[in-house]
1. Counting only residues that are touching a strand residue (DSSP E or B) at 6+ places or on another chain (Cβ under 9 Å) and among the charged types (D, E, K, R), which one in the stretch 149-165 is least open to solvent (accessible area, probe 1.4 Å)?
2. From the list Val49, Val83, Val66, Val115, exactly one residue is β-branched (Val, Ile, Thr) and closer than 30 Å to Ile161 by Cα. Which is it?
3. Scan the stretch 11-24 for residues that are at positive phi and either open to solvent by 70 Å² or more (accessible area, probe 1.4 Å) or in a strand (DSSP E or B) (or both) and jot them down.
4. Can you tell me which residue is least open to solvent (accessible area, probe 1.4 Å) among those in the stretch 26-35 that are assigned to a strand (DSSP E or B) and within 12 Å of Phe47 (Cβ to Cβ)?
5. Filter the stretch 120-132 for residues that are open to solvent by 40 Å² or more (accessible area, probe 1.4 Å) and assigned to a loop (DSSP other than H, G, I, E, B); which is nearest to Glu155 (Cα to Cα)?
6. Filter the stretch 49-65 down to residues that are in contact with a Gly (Cβ under 8 Å, 6 or more places away or on another chain) and either at pLDDT 95 or above or closer than 28 Å to Asn107 by Cα (or both) and give me whichever is least open to solvent (accessible area, probe 1.4 Å).
7. Of the residues that make up the stretch 83-102, is at least one of a type in the set (Val, Ile, Thr), open to solvent by 50 Å² or more (accessible area, probe 1.4 Å), touching a residue at least 12 places away in the same chain (Cβ under 8 Å) and at negative phi?
8. Hey, can you tell me all the residues within the stretch 129-162 that are farther than 28 Å from Asn107 by Cβ and either touching a residue at least 60 places away in the same chain (Cβ under 8 Å) or over 23 Å from the mean Cα position of the chain (by Cα) (or both)?
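The values are calculated or read from the model by the stated rules, or taken from the named source; none is laboratory data. Just so it is clear, the structure is predicted and the values come from calculations on it, not from any experiment. Heads up, the Cβs are rebuilt from the backbone with ideal geometry, glycines too, and the neighbour counts pull from every protein chain shown. For the accessible areas, the whole protein counts, side chains as well, though only heavy atoms, and no ligand, DNA or RNA atoms are used. Shrake-Rupley method; radii C 1.70, N 1.55, O 1.52, S 1.80 Å.
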Amino acid sequence: MRKRVIRAGEIEIEDSEGRVRARFGVSNEDLPFMSFYGADDKLRARFGVQSDGSAGLAIADDDGKVRATFGLFSDGSASMAMVDRNGKVRAKFGLGTEGSPTLALRNKDGQLGFVYSLAQQGSPTISLQDEDGKVRARIGLAAEGSPILRLLNKEGELRAIMGLTADGTPVMQFLDDKGEPEWTAPSSFSPTVDAPHGASEPAGPEARERS
């Protein structure tokens, strides 16, 4: 059977009362999109493809404000974000380019407060931020499963370490403002050897809204 093709720059779908409920087309930048509208003519969802090949979905509430986004980006990362009624992103979940998952939670002002991530080798890390978005505490597991807690000052400098070595020995170390050990127990503890990798803040994928 011969296939029939309809060619158009934009197609609108109307309901029984003549209201546009869906629109399929190409934007002024020649980017394809699909938009869906409520009975009140407000945009409720939009799916589109960007010029770099990434694709995203945005979902809006009754007021037309975007409350959730989901995107898959050209670098291989993916991200999902939840937004409150004030337009502040409160929670994000995503995968980095190498496949490492990250969960980030923000307060009512949109400031980052909690990050949970898994390193590529599977080691989990939890980071806690202060009101300025600075990492102040980080707890995680080394590749072999040893737990460790790091405490940082407002400048992001490591000041205290507490945890267990691979053989289960409890350790603690305080550092001065230059990062040099000030007190260690047991004295043979070396954080460069016993501490798990991943001292730097995990880069959580940002939810890039696609419209």
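1. Step by step, filter the stretch 149-165, then rank; the result is Arg150.
2. Answer to the selection: Val115.
3. none
4. Once the filter is applied, the top-ranked residue is Ser35.
5. Asp132
6. Gly56
7. Yes: one or more hits.
8. Glu144, Gly145, Ser146
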